[in-house]
1. Calculate I(q)/I(0) for the stretch 103-332 by the Debye formula, one identical point scatterer on each C-alpha and no solvent, and give its log10 at q = 0.13, 0.14, 0.15, 0.17 Å⁻¹ to two decimals.
2. In nanometres, what is the gap between the two model label sites at Gln178 and Asp213, each 7 Å from Cα along Cα-to-Cβ?
3. Where in the chain are the helices, taken as whole DSSP H runs, whose Cα atoms extend 15 angstrom or more along the long axis and whose Kyte-Doolittle mean reaches at least -0.5?
4. Work out how much length Glu61 to Asn327 would gain on full extension: take 0.36 nm times their residue separation and subtract the Cα-Cα distance, in nm to one decimal.
5. Average the reciprocal distances over every distinct pair of alpha-carbons in the stretch 2-83, invert the result, and give the Kirkwood radius in Å.
6. Taking the full set of protein chains and a 1.4 angstrom probe, give the accessible area of His102 in square angstrom, rounded to the nearest 10.
7. In the neighborhood of Lys34, defined by Cβ-to-Cβ distances under 12 Å, what is the net charge if each Lys or Arg adds +1 and each Asp or Glu adds -1?
8. Keeping every protein chain in place, order Arg315, Arg110 by accessible area at 1.4 Å, biggest value first, i.e. largest first.
Amino acid sequence: MEDRIKALATEVEAFTASDKQGVEQYRLKYISKKGIISELFEEMKRMPPEEKKQVGKILNELKQAAEQKLKALTEMLESSSSSSVDIDLTLPPIPNKIGNQHPLTLTRNRIIEIFERLGFNVADGPEIEDDWHNFSALNFPENHPAREMQDTFFVEKNPDMLLRTHTSNVQIRLMTKQKPPLRAIMPGRVYRNEAISARAHCFFHQVEGLYVDRNVGFADLKQTLYHFAKEMYGKDIKIRFRPSFFPFTEPSAEIDISCLICKGDGCNVCKHTGWVEIAGSGMVHPNVLKNCGIDPEEFTGFAFGMGIERVTMLRYQVNDLRLYSENDIRFLKQFHTVI
Ligand code: PHE
């Protein structure tokens with residue numbers, strides 16, 4: 001009997017439980033009324049008095065040890081579960097990071113935001129376009145060398161169809177569908193048949209803007225683009241307008257900003273001029289308005305177009321256009337916006 005009690009004492013001491021069930025099993029096995037220790041007490045009662053005294057002592061010790069163990073096990077369990085109760089379940093969850101937005105998307109959204117505050121809507125149009133919307137309506141005469149300014153991908157089976165070379169096709173679609181006042185920007189993908197290099201790609205993205213109403217003048221164009229440049233690049237940016245040519249605008253101007261990389265001192269990006277071209281612009285040519293059924297005697301308008309890649313390049317100092325479409329996670333990871 002004494003040996004059995006000693007063996008049980010070691011067993012009790014060594015017992016571990018990791019959950020409620022384990023503790024309950026322990027209680028049932030050793031401490032409950034039908035447990036081993038109660039059975040031993042029953043046996044003890046039938047013993048002769050001298051032995052009873054001896055066995056009773058160690059059996060009581062075992063009982064106490066077993067009860068203490070139960071207390072310890074229960075406390076351990078409570079303290080571990082009470083720590084989980086400490087978690088504040090009303091807190092919002094930590095969001096799963098599912099990825100970053102593409103730098104071109106970030107820039108496009110920023111451009112849209114700036115122009116939306118000036119009252120411009122966002123308009124959309126097809127990437128596969130007919131010659132009329134991409135060229136003829138925009139005052140590019142048939143076989144005129146101006147069409148060569150933009151190397152075009154034509155659809156093989158139907159040479160009247162092409163991949164749009166600029167988002168100006170959306171200007172035409174807007175002006176033929178709606179009557180002035182019109183104020184919209186048109187972001188989208190465009191295609192040109194150019195060899196792929198750090199500075200050119202066969203597709204890229206533009207945001208074009210169009211404002212047609214009574215009494216729209218060049219001063220409105222200038223002020224709008226001044227405002228845009230300052231919002232996009234900061235108050236210290238310098239802006240200049242350079243006379244240029246586009247078939248669909250007259251007069252036309254290209255817009256340069258002071259180089260953000262060298263702050264105007266001259267570097268590779270600005271080809272040591274201190275200036276970087278960011279947009280083409282001009283007053284909508286009267287022929288374009290006429291082609292769309294708008295009377296150029298009554299309405300005037302301005303238009304501008306810029307490359308999203310170029311804006312992004314200056315914003316984030318990206319020096320190779322190809323990075324935008326290679327999908328290299330190491331590149332994409334650098335543009336943080338939590339979604
Ligand atoms: N469509 C011209 C281009 O792609 C940009 C432009 C738009 C210029 C509107 C003037 C006015 O180069």
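1. -0.78, -0.91, -1.05, -1.34
2. 1.3
3. 2-14, 103-117, 218-233
4. Working: separation 266, 0.36 × 266 = 95.76 nm, distance 7.23 nm.
Between Glu61 and Asn327, full extension yields an extra 88.5 nm.
5. 13.5
6. Using a 1.4 Å probe on the heavy atoms, I get roughly 50 Å².
7. +1
8. The ordering from most to least exposed comes out as Arg315, Arg110.
The values are calculated or read from the model by the stated rules, or taken from the named source; none is laboratory data. Every value quoted in this text rests on a predicted model; they were computed, and no experiment measured them. FYI the Cβ positions are ideal-geometry reconstructions off the backbone, even for glycines, and counts take in every protein chain you see. The area values use the complete protein model at the heavy-atom level, side chains included, leaving out ligands, DNA and RNA. Shrake-Rupley method; radii C 1.70, N 1.55, O 1.52, S 1.80 Å.
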